Amino acid sequence: MPPPLAAAEPHDVHAARPPESAAISAPVPASAAESTLRVDISLLNRMMNLVGELVLTRNQVLQATSADPRMTLLSRRLDMVTADLRESVMKARMQPVSNVFSKVPRMVRDLSHALGRKVRLEMEGQDTELDKSLLEAIKDPLTHAVRNALDHGIEPPEVRATAGKNPEGTLRLRALQEGSHVLIEISDDGAGIAVDRIRQKAIERGLITAEHAEQQSERELLQLIFVPGFSTAAAVTNVSGRGVGMDVVRTSVEKIGGKVELDSRPGKGTTLRLRIRSRWPSFRR
């Protein structure tokens, strides 16, 4: 018998479906507390590893040749059961992005006060689900993106008013499912990214020559903000300006097989998109 697993961070998963006899004897719908279980994540990780071993064994069985038709039938049955088990374990690891989004309102409130900004936060798609490991991995990128939006994107109230904009800026967080990926957008209606400033800084740092800079499109120049250590901030502050934010965002997202996309319009705002696979590719189909 294997030793007991060490306790780890628990999370809620849906309980297995009760037998028909139980459903008949207790027809009253179960409460949320009765229909969920708290399961250690270490146990789910062990289940993932075991299912991974089962998938490999299934693949070997399916590749084996046999003249016995009963063996062929059993192989197909094993294939179906393994696929269903794999899907069930994967679903047990899924959690809503609200677990990460819920930390943003306080962050926005504190940063807005520290920076002298007026910001309205809007969040959408909080019930969109991600694998727990992926959800943990996007915490830092999301934090960096929000801090950059408030410090570099949304202008002070007086600057916005002078530009004919609402003194109160808007920061939007949106999550949605797109096929096998989850798209997380962080957008603001701020000043946008000054491409000329990026070009100037890139030339000063020797990243590109003046001739090369003139030949690049705005989209190509925007990608320079992901270069390690690159920053257009005039001064280093407690919020940003150290040139680590956007580099960390892209590195962290690409590490889990995701992709970062950036769109910005001067005077209109900036949108950062994190495109992530909704499930962790732990083992082969």
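The values are calculated or read from the model by the stated rules, or taken from the named source; none is laboratory data. All values reported here derive from a predicted model rather than from experimental measurement. Don't worry about glycine lacking a Cβ; one is built from the backbone with ideal geometry, like all the others, and counts go over all protein chains shown.
Brief remarks on what is shown
- Some residue of the stretch 259-281 being modelled with pLDDT under 85 and either over 30 Å from Pro105 (Cβ atoms) or touching a Gly at 6+ places or on another chain (Cβ under 8 Å) (or both): yes
- Selection count, the stretch 154-185, where residues are closer than 17 Å to Met123 by Cα, of a type in the set (Gly, Ala, Ser) and in a loop (DSSP other than H, G, I, E, B): 0
- Being modelled with pLDDT of 85 or more and surrounded by fewer than 15 Cβ atoms within 10 Å (Cβ to Cβ) is a description that does not apply to Arg250.
- Matching residues, the stretch 51-66, being surrounded by fewer than 12 Cβ atoms within 10 Å (Cβ to Cβ) and more than 13 Å from Ala83 (Cα to Cα): Gln60, Gln63, Ala64, Thr65, Ser66
- In the stretch 193-210 there is at least one residue that is surrounded by fewer than 22 Cβ atoms within 10 Å (Cβ to Cβ), in a helix (DSSP H, G or I) and touching a residue at least 40 places away in the same chain (Cβ under 8 Å).
- Summed over the stretch 258-278, the residues that are touching a helix residue (DSSP H, G or I) at 6+ places or on another chain (Cβ under 9 Å) and under 26 Å from Lys91 (Cβ atoms) give a count of 7.
- Condition check for Ser133: in contact (Cβ under 8 Å) with a residue 24 or more places away in the chain, surrounded by fewer than 17 Cβ atoms within 10 Å (Cβ to Cβ), under 25 Å from Asn99 (Cα atoms) and out of contact with any Cys (no Cβ under 9 Å at 6 or more places or on another chain): yes
- Residue among Leu54, Leu85 that alone is within 27 Å of the chain's Cα centre (by Cα) and of a type in the set (A, V, I, L, M, F, W, C): Leu85
- Selection of the stretch 166-182 for residues being surrounded by fewer than 19 Cβ atoms within 10 Å (Cβ to Cβ) and either at negative phi or basic (Lys, Arg) (or both) yields Asn166, Pro167, Glu168, Thr170, Arg172, Leu176, Gln177, Glu178, Ser180, His181.
- Hey, Glu178 within 30 Å of Asp131 (Cβ to Cβ) and either without any contact (Cβ under 8 Å) to a residue 24 or more places away in the chain or assigned by TED's automatic domain parsing to the domain that holds His144 (or both) or not: yes
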